[in-house]
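The values are calculated or read from the model by the stated rules, or taken from the named source; none is laboratory data. On a predicted model such as this, the values are computed, not experimentally measured, just so you know. When we count neighbours, we look across all protein chains shown, and the Cβ atoms used for this are built from the backbone with ideal geometry, even at glycine. Just so you know, the surface numbers come from the protein's heavy atoms only, side chains and all, with ligands and any DNA or RNA stripped out. Shrake-Rupley method; radii C 1.70, N 1.55, O 1.52, S 1.80 Å.
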Amino acid sequence: MAEGQTLPPESVLMERFGVARQTLREAYRVLETEGLLTVRRGVHGGAVVHRPNGTVAARNVAVVLESRGTTLADVYQARAMVEPACAELLARTRTAEDVAALRGALAQTARPDTDAVVAIRALMAFHGLVAHLAGNQTVALLTDLVRHVIELGSEQQVVADPVSAATRRALRSGHRTHEQLVGLIEAGEAAAARDLWQRHLEGSEDFLIGGAGSKTVLDVLG
């Protein structure tokens, strides 16, 4: 079924699958938990279908990382191993539409007076866009799986000191580097794009983790 379609009425499904109402509703609860259904109550309600996405998987991955005592430094290192390859691939395969999308994302981080949390979220969204535009669905999903942890960790670092000179400097530097990356991608400079993104990730890791490299995923997720 397509996104947004509604399942048939409960009575129809009960007859089709030969199950009791309680069994059907338990199935609904499972599917809601997995993000595959939204059950609307009332006269015009029903079970609305959703396409699978990485949100639930990301939460599950975070739980696994928690159980292993994984540190923030470990998660950031994983990102630095993957995202530069995405930048390189995107520079090789970019289209005019890709470049336009990247420039649109840049506009969200261009104002220096933007709220620090809003700014860091926009910067993180840019990273996700680079991974997705690279075109490899498997790699895009893998980056999504760790982004939940990275975004929370980054926000906590910024929230702890939102108006300091160091935070503002880091946000401005991030925007400038993102601008440079878009230029390299548009020019098809694949190797330069990869190297720039590698340096950027390593530098931003130093700021975002700060002295909290030994923090675990559990510390971040609370």
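So the values come out like this:
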quantity: Residues satisfying the stated conditions in region 69-121, i.e. hydroxyl-bearing (S, T, Y) and under 16 Å from the mean Cα position of the chain (by Cα); calculated: Y76
quantity: Any hit, region 52-60, residues being modelled with pLDDT under 95 and more than 27 Å from Q157 (Cβ to Cβ); calculated: yes
quantity: In region 1-49, residue least open to solvent (accessible area, probe 1.4 Å) [restricted to those that are without any contact (Cβ under 8 Å) to a residue 40 or more places away in the chain and acidic (D, E)]; calculated: E10
quantity: Hits in region 59-82 - residues which are among the small types (G, A, S) and touching a residue at least 12 places away in the same chain (Cβ under 8 Å); calculated: A62, G69, A73, A78, A80
quantity: Region 65-85: number of residues that are touching a Lys or Arg at 6+ places or on another chain (Cβ under 9 Å) and surrounded by 21 or more Cβ atoms within 10 Å (Cβ to Cβ); calculated: 2
quantity: Residue check, A107 under 28 Å from W197 (Cβ atoms), among the aliphatic types (A, V, I, L, M) and open to solvent by less than 40 Å² (accessible area, probe 1.4 Å); calculated: no
quantity: Where a residue in region 83-95 is of a type in the set (V, I, T) and its partner, wherever it lies, is assigned to a helix (DSSP H, G or I), with Cβ under 9 Å and at least six apart; calculated: T93/L133; T95/L133
quantity: Flag if L129 is aliphatic (A, V, I, L, M) and surrounded by fewer than 21 Cβ atoms within 10 Å (Cβ to Cβ); calculated: yes
quantity: Restricting region 80-125 to residues that are assigned to a helix (DSSP H, G or I) and of a type in the set (D, E, K, R), the residue that is nearest to V182 (Cα to Cα); calculated: R103
quantity: Given (1) surrounded by 11 or more Cβ atoms within 10 Å (Cβ to Cβ); (2) within 18 Å of the chain's Cα centre (by Cα), number of the condition P52 does not satisfy; calculated: (1)
